[in-house]
Number of protein chains: 2
Amino acid sequence: MTITTPPQRLLCGPGPSNVSPGALAAMQQPMLGHLDPDMHDILLEVVDLLRDAYRARGAGLVLPLQATGTSGMETGLAHLLEPGDVAIVASCGFFGRRIAEIARRYGADVVEVEAPFGEVVSNERLLDALDRYPHARLMAVVHAETSTGVRHPLAELGAALRDREGETLLFADCVTSLGGVELDFDGFGIDYAYSCTQKCLGAPPGMSPLAVSERAMERVRARKIPVPYSLDLQLLEGFWVKRPVVYHHTAPILHIYALREVLREIALEGLENRWERHSNAGAYLQIELLERGLELLADPDYQLAPLTAVRIPDGVDGKRVQTRLLREHGIEIGGGLGPGAPPIWRLGLMGTNATIATADQLLGALDEVLADEPVLASAA
Amino acid sequence: MTITTPPQRLLCGPGPSNVSPGALAAMQQPMLGHLDPDMHDILLEVVDLLRDAYRARGAGLVLPLQATGTSGMETGLAHLLEPGDVAIVASCGFFGRRIAEIARRYGADVVEVEAPFGEVVSNERLLDALDRYPHARLMAVVHAETSTGVRHPLAELGAALRDREGETLLFADCVTSLGGVELDFDGFGIDYAYSCTQKCLGAPPGMSPLAVSERAMERVRARKIPVPYSLDLQLLEGFWVKRPVVYHHTAPILHIYALREVLREIALEGLENRWERHSNAGAYLQIELLERGLELLADPDYQLAPLTAVRIPDGVDGKRVQTRLLREHGIEIGGGLGPGAPPIWRLGLMGTNATIATADQLLGALDEVLADEPVLASAA
């Protein structure tokens, strides 16, 4: 069947979240050419605002990639790893595993430090791995593991690495944290971070904001083996930052407008206020879920706010619940992601949806649907 | 200075062109999640409409990449070349050279058959190169060379390759031709074609429609050396086409809406009518320019309609003319692209701008600005 107008959805899954109305309006503004001098000013403003959102004033390079978050992950691995390099990867969910998989594509010798879905790979275990591989090129963690709702203690890992004064770069997936969870690129000592636009930032999907430390950029400049052309950070720097601008690709102009708009909104709201808003909404949802007797997947000490993974109760048809929420309530939630994922729902309160009101709307719909599940109805 | 609302522009450069109003409106539609079952139907509709636009009903795979045209170029080279493979590349402008450069990044042995800017690399010379390298993996041409306004005789090249019954794949840059210049993926015998959304299609920049022949897909499936993960055609096929859908990346949903809308517009207008509209507008502009005593760069036998490169008359400050058109008339045109480019302006009439009325508006502004150029004013 051909759908002409897509139905309204409240997007409470692992992302995308609903787009900020300001960002949607920005996409209706007159489109400039990518080499227009007025466009250059907009590019520089986006980079400037992104430095604030990442707290990456001291980074060597900050820009949004003209592709989605997966390309942001790949860009970092492609630039920082050469065949035979050791990469220590914390793997406790879908995205940690993906980092390991892509690192292997680039010829790295991957040391995967694993933990079950829902747990964090402790910094102690990662540092033990570093003791065994002291010349590791990079250590990769997922700051906010979208597949499980677990937050990695990134500040502490950065501090420990800094104490060691080694050359191992700290690589962080910030796809579900940027703009919604405390993140301080400079302060934590991150060397490469990437995110997306469609989760806590509240823009549509299509770009991947990156931050690269100066010492990581030195590695990039020194490398001999070429990287994929369309992800080449030095060429991208020529377009986004340097003057005169150098043509590399035709930038996704309307997405850049949308990204600029949400970054301005974040600056107005205040980054810490925004973290707090996400934190409050997530904590409220989690308490309410627990009060209903539902179990959360994540270790409570490392529970993310924007993303909550809920174990599907025994005997409940998780897929049916998801479908009914979508079809009867217009609410999207996620299921488990990838092979080996436990039976879970993933509930997201991100961007404009990180509010108590949205949490209540989601909980109300969930109550209605769960009341019809035979197992839960008979238990009640 | 911070620009809040970008100024209105008539985009008559080499692209982007002005976005179709229907595509802009489509981007305001409710955003679905990338894994929403209703989204799957939209993805399949886009693929179906793209097959028509490319005339690629028989292709092994057709989909739009979640990145810009440069990534479309790279995706093809990354999948079809392995280190040591011979690639014959027709190089008579910026984009032919870029194909050669990227092919080298992937370890290919590149045979670059060159012609000066404004000329076409003849099929005869390409076939001579194939005689010397009969096991070449691919032969690459730019169907519509955006840097010079030259159209490659692609149908004839495809026919000649088919007559030889060899295994060399035909690779075609269709960035400035798809939707604006006669193109028949199946009929011409193309094996890999890529384009963009922001030129003759009239959508915003951000995606790259691809078409891959079945025999090229066989090569893709047989290759051993991994390709960049975010460009991996087999993984992308799992998301776009196969059922059940497999998560690969969060698709740029609003861009997909826009692309669907312009593809529907093309189906309504009729592909041949649209080619004719571009052809008429371009021919009109070119005749008018010649009547003003201006010289065109391209060999007249191979002049593209959507893109016209005009030689900057001796003594005229080309950059000043461009700036005045932009600042006084709100009209963007392009200059020469890349090292070695001759002094030219590049005028585009693409997508919604491929009309006599737009040509007249552009010519009127150009007349006004050129009348003030000292050299031309004194000659008059």
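The table that follows gives values for the structure above.
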{"read-out": "Spin-label model distance (nm) - B:Gln234 vs A:Asp41, 7 Å beyond Cα toward Cβ", "value": "5.0"}
{"read-out": "Ascending list, in nanometres, of distances separating the B:Gly315 label from those of the other copies (7 Å, Cα toward Cβ)", "value": "9.4"}
{"read-out": "Order of B:Val19, B:Val113, B:Val375, B:Val142 under a 10 Å beta carbon neighbour criterion, fewest first", "value": "B:Val375, B:Val113, B:Val19, B:Val142"}
{"read-out": "Dipole magnitude (debye, nearest 20) for segment B:21-268, charges at Cβ of Lys, Arg, Asp, Glu", "value": "400"}
{"read-out": "Whole-Å distance, taken between Cα centres, linking segment A:200-264 and segment A:104-158", "value": "25"}
{"read-out": "Label geometry 7 Å along the beta-carbon vector: B:Gly166 inter-copy distances in nm", "value": "5.2"}
{"read-out": "Order of A:Arg164, B:Arg9, A:Arg125, A:Arg243 - criterion: other Cβ atoms within 10 Å of each residue's Cβ, fewest first", "value": "A:Arg243, A:Arg164, A:Arg125, B:Arg9"}
{"read-out": "Ellipsoid semi-axes in whole angstrom, largest first, where each is sqrt(5λ) of the Cα gyration tensor of segment A:21-268", "value": "30, 20, 15"}
{"read-out": "Residue-averaged [θ]222 nm for chain A, counting only DSSP H segments that reach four residues, each worth -39500 (n - 2.57)", "value": "-13000 deg cm²/dmol"}
{"read-out": "Taking chain B and dividing mean pair separation by its residue count, relative contact order in percent (alpha carbons under 8 Å, at least six apart)", "value": "25"}
{"read-out": "Cβ-vector label at 7 Å, B:Pro343, separations to other copies in nm", "value": "7.5"}
{"read-out": "Residues of segment B:310-335 with amide N under 13 Å of a point placed 7 Å along Cα→Cβ from A:Tyr247", "value": "B:310, B:333-335"}
{"read-out": "Chain A: angle of helix A:356-371 to the longest principal axis, Cα-based, in degrees nearest 10", "value": "50"}
{"read-out": "Ordering of A:145-153, B:147-155, B:319-327, A:165-173 by packing [mean C-beta count within 10 Å, highest first]", "value": "A:145-153, B:147-155, A:165-173, B:319-327"}
{"read-out": "Rounded, prolate or oblate (a/c below 1.5 giving rounded, otherwise prolate when a/b exceeds b/c) for segment B:149-245 by Cα gyration tensor", "value": "oblate"}
{"read-out": "Zone of B:Leu268's modelled label, taken as backbone nitrogen in segment B:188-211 under 17 Å from a point 7 Å along Cα→Cβ", "value": "B:201-204"}
{"read-out": "Check: segment A:169-288 dipole with +1 on Lys, Arg Cβ and -1 on Asp, Glu Cβ, in debye", "value": "620"}
{"read-out": "Per-pair calculated FRET efficiency, R0 = 60 Å: B:Ala155 and A:Glu156 via Cβ, rounded to 0.05", "value": "0.40"}
{"read-out": "Residue-count net charge about B:Asp301 - beta-carbon cut-off 11 Å; Lys, Arg +1, Asp, Glu -1", "value": "-1"}
{"read-out": "Rounded to whole Hz, the Karplus (6.51, -1.76, 1.60) HN-Hα couplings of segment A:144-157, x for glycine and proline", "value": "10, 6, 5, 7, 9, x, 9, 9, 7, x, 6, 4, 5, 5"}
{"read-out": "Sites B:Leu290 and B:Arg57, calculated FRET efficiency, Cβ-Cβ separation with R0 51 Å, nearest 0.05", "value": "0.85"}
{"read-out": "Between segment B:1-75 and segment B:273-352, the alpha-carbon center distance in angstrom", "value": "25"}
{"read-out": "Order of B:Ile253, A:Ile331 under a 10 Å beta carbon neighbour criterion, fewest first", "value": "A:Ile331, B:Ile253"}
{"read-out": "Mean separation of Cα contacts under 8 Å, 6 or more apart, over the residue count of segment A:236-315: relative contact order %", "value": "20"}
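Since every read-out is calculated from the coordinates, none of them should be taken as a lab result. Nothing here was measured: the structure is a model prediction, and the numbers come from that model. Don't worry about glycine lacking a Cβ; one is built from the backbone with ideal geometry, like all the others, and counts go over all protein chains shown.
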